[in-house]
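Chemist: Encoded as structure tokens, here's the structure I'll be asking about.
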Amino acid sequence: MFHDSKSIFASKTIWGGGAALAAGALGLLGYAVSPADQAALVRVALDLVAASARSTAGSRRPSASGKPWDCIGRP
């Protein structure tokens with residue numbers, strides 16, 4: 001059976017739904033949030049959750065750049 005479970009905060013579905021709700025709320029306020037921005041937000045959230053899980057598990061290995069939010073495109 002399934003004995004190994006992950007936190008609800010490690011779920012891409014949960015973060016994707018939250019990003020969609022946030023984009024909708026910002027849209028009502030006149031802001032435009034692209035699907036690419038929503039996807040980047042989900043990646044950042046999942047990277048932060050994974051980094052937090054690693055640090056609480058005793059592993060202090062940083063990401064390749066040292067910054068989990070570097071998945072957001074920069075010019």
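Chemist: Sorted by packing (mean other beta-carbon atoms within 10 Å per residue), highest first, where do 11-19, 42-50, 23-31 land?
Modeler: Top of the packing list down: 42-50, 11-19, 23-31.
Chemist: Can you list the residues of the stretch 14-32 with backbone N under 19 Å from a point 7 Å past the Cα of Arg43, pointing along Cα to Cβ?
Modeler: 14-20, 23
Every number here is computed from the coordinates shown, using simple stated rules; none is lab data. These numbers were taken from a predicted model, which means no experiment stands behind them. In this analysis, Cβ positions are derived from the backbone assuming ideal geometry, glycine residues included, and neighbour counts consider all displayed protein chains.
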